[in-house]
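Remarks on the structure that follows.
The values are calculated or read from the model by the stated rules, or taken from the named source; none is laboratory data. Worth saying up front: this structure is predicted, and the values here are computed from it rather than measured. All Cβ positions, glycine included, derive from the backbone under ideal geometry; neighbour counts span all protein chains shown. When the accessible area is computed, the model is the full protein with side chains, heavy atoms only, and any ligands, DNA or RNA have been set aside. Shrake-Rupley method; radii C 1.70, N 1.55, O 1.52, S 1.80 Å.
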Amino acid sequence: MRWTAFVWEGASRAFNQRPAVTNLVLVLAACSGGGLVAYADSQSDQPQGPKKKKVVVLGTGWGGTTFLRNLDSKLYDVQVISPRNYFAFTPLLPSVTCGTVEPRSVVEPIRRILEKKGGDFKFWEAECFKIDPAKKKIHCRSNAGTNFDGNGEFLVDYDYLVVAVGARSNTFNTPGVEENCHFLKEVEDAQKIRRSVMDCFEKASLPYLNEEERKKNLHFVIVGGGPTGVEFAAELHDFVTEDLSKLYPSVQHLVKISLIEAADHILTMFDKRITNFAEDKFGRNGIDVKTGYKVVKVAKDAITMQNPAAGDVAVPYGMAVWSTGIGTRPFIVDFMKQIGQANRRVLATDEWLRVRECDDVYAVGDCATINQRRVMEDISEIFRVADKDKSGTLTVKEIQDILEDIYVRYPQVKLYMKSKQMNGIADLIRTGNGDTEKESVELSIEEFKKALSLVDSQVKNLPATAQVAAQQGQYLAKCFNKMEYAEENPEGPIRIRGEGRHRFLPFRYRHLGQFAPLGGEQTAAQLPGDWVSIGHSSQWLWYSVYATKQISWRTRALVISDWGRRFIFGRDSSGI
């Protein structure tokens, strides 16, 4: 040991005394076993490149995964943190609940996605429980508990933070929901529902139960008439009629499926033609659609709901699925309080997906919503920018010169003009000043305000869908990829409050259509341009779109094979 230390000390002294220009270091001979160890200088005198900015991504859902897939990994040091180590194709979760599609067919390991990307990626399976925007650190906790304290907690610092943690199911503080209802947000939820359905049928088949107990066990209640609730009700009905009725002939006539919705109709976000068709089809299929009912309590054996006409009604059930909207995750609520957004439902971002009142933090997907700037908030600044000659009035030509920037920055202006069938800016200005025949006509600030006073009525929040989250993730990755270039070459609209132009064009959601599978190989499709299709042809369109949108060829092949297996052999009824 002493000889080894002596040799290492001498070699170290010789290493430290070498000339600065020497790139190759001496050879260190070790006398243990006659081995020879060569030490090469890895610290060359060549200058190192600039340190990469660290981008931390929270979540591996639609927004986070799409961001990662489109980000140029050579530009950043990317670290991904999520409590699940996979991406799940959530639109197919209702199919997983009934065995139409297997759980592993709709998931892709996040490490496989990152491996295909290459570059400097790191992933940790952990959950963020606190964000510290002042110190640019996030507090995380691993379920494994591997540090010395045994609690699995660790800190991660960031230069840019992308929050894409999605949302949790919203119970509206209804008593008993957390304890007695299933949710349908994760793959694990779908697996639990599948086991619960089979348990209900097995219980109902036991010899010592009476008729009422069998009916109770086979009463399936879905709370929420949105796309997820409707699709699950349709899947469950097909599962029962096409597969379980053959396996449980003695109890199949006792099955009842109820869909409870507080609004007057189901699928309220769809065209009325789709809503009416869905309600009529469910009625023909025997699915009991209860609209105008609000669930106020969920006990172990019964659901209590209210209706203005019927009052309180208690209904026994065997299994209940809660699908009534989304709620904010607890650590996001705490984060919102830190940055002055305590009274909001979700995080507020600007049109560039930057979290308001917070530097270098971005948010995509269900955990955030874009807080579109109102025209009337900036009307004085818009007037100032447009009034280039500082005359205190605006001509039609001055407004036209800035009109494209207004359209980009405030899309509600164009939407308002379209809704009112206005042909151009002259029609809009006419609401504030009747004479627009000449370009020299002048508008005062009050007339300008009057002309634009109603345009903010077109501002709407984006829906909490996978389509929105994916488009936001793709947009944000493109912004990150050209961030350095955009500093010198901004492409966005004129800054209304400030000088110059914005670096990027603001995010604009492009609606590509939506589907509502209604069972019996029939689907309702609502596509852009007010195009509505209902029936078997739309079902095949649904198959093709969902197969195409799979994140990898592996999951695409698995999903298609699952559909083929179901056509040939039926759904699997195993309780696993």
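Values computed for the structure shown
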| quantity | calculated |
| --- | --- |
| Net length gained if the chain between GLU521 and ALA426 were fully extended (0.36 nm per residue, minus Cα distance) | 29.1 nm |
| Listed candidates (i) 28.1; (ii) 24.6; (iii) 27.2 - label of the one calculated as Kirkwood radius over Cα pairs in Å | (i) |
| Hydrodynamic radius by Kirkwood, which averages 1/r over all alpha carbon pairs of the stretch 461-576, in angstrom | 18.0 |
| Sparse-neighbour loop sites [trypsin sites (Lys or Arg not before Pro); the stretch 102-142; at most 11 other C-beta within 10 Å; DSSP] | LYS135 |
| Formal net charge of residues neighbouring PRO207 (Cβ-Cβ distance under 15 Å; K, R +1; D, E -1) | -1 |
| Rough spin-label spacing in nm, given labels placed 7 Å along Cα→Cβ, for LEU415 and HIS265 | 2.0 |
| Sites ASN85 and ARG356, calculated FRET efficiency, Cβ-Cβ separation with R0 41 Å, nearest 0.05 | 0.85 |
| Amide H within-cut-off set for TYR362, under 5 Å, with H built and near neighbours excluded | LEU161, VAL162, VAL163, VAL355 |
| Estimated [θ] at 222 nm from DSSP helical runs (n ≥ 4, -39500 (n - 2.57)) normalised by residues in the chain, nearest 500 | -10500 deg cm²/dmol |
| Residues LYS135 and HIS253, FRET efficiency given R0 of 60 Å [Cβ-Cβ distance, rounded to 0.05] | 0.40 |
| Cα-based reach from LYS136 at 22 Å (exclusive), listing lysines while leaving out same-chain residues under 8 positions away | LYS51, LYS52, LYS53, LYS54, LYS122, LYS337 |
| Cα convex hull of the stretch 283-376, projected area averaged across orientations, nm² | 10.8 |
| The chain - percent relative contact order, Cα under 8 Å, separation 6 or more | 15 |
| The chain, accessible surface, carbon-and-sulfur percent (1.4 angstrom probe) | 52 |
| Test item: Cα-centred dipole of the chain, Lys/Arg +1 and Asp/Glu -1 on Cβ, debye | 860 |
| Sites ASP72 and GLU179, calculated FRET efficiency, Cβ-Cβ separation with R0 60 Å, nearest 0.05 | 0.80 |
| Mean accessible surface per residue for the stretch 462-532, computed with a 1.4 Å probe while every protein chain stays in place, in Å² | 50 |
| Nearby aspartates and glutamates by direct alpha-carbon distance to LYS117 (threshold 18 angstrom, same-chain neighbours under 8 apart not counted) | ASP72, ASP77, GLU108 |
| The chain: antiparallel DSSP beta bridges as a percent of all, rounded to 5 | 55 |
| Violating pairs (Cα-Cα greater than 29 angstrom) within the set LYS272/LYS460; LYS388/LYS460; LYS74/LYS137 | LYS388/LYS460 |
| Solvent-accessible surface ranking, highest first, for ARG344, ARG409 at 1.4 angstrom | ARG344, ARG409 |
| Above-threshold pairs, the threshold being 27 Å between Cα atoms, out of LYS449/LYS482; LYS185/LYS300; LYS397/LYS449; LYS130/LYS549 | LYS449/LYS482; LYS130/LYS549 |
| Inter-probe distance in nm under a simple model that places probes 7 Å from Cα toward Cβ, at ALA299 and GLU153 | 4.1 |
| Two-site label geometry, GLU202 and ARG104: point separation in nm, points 7 Å out along Cα→Cβ | 2.2 |
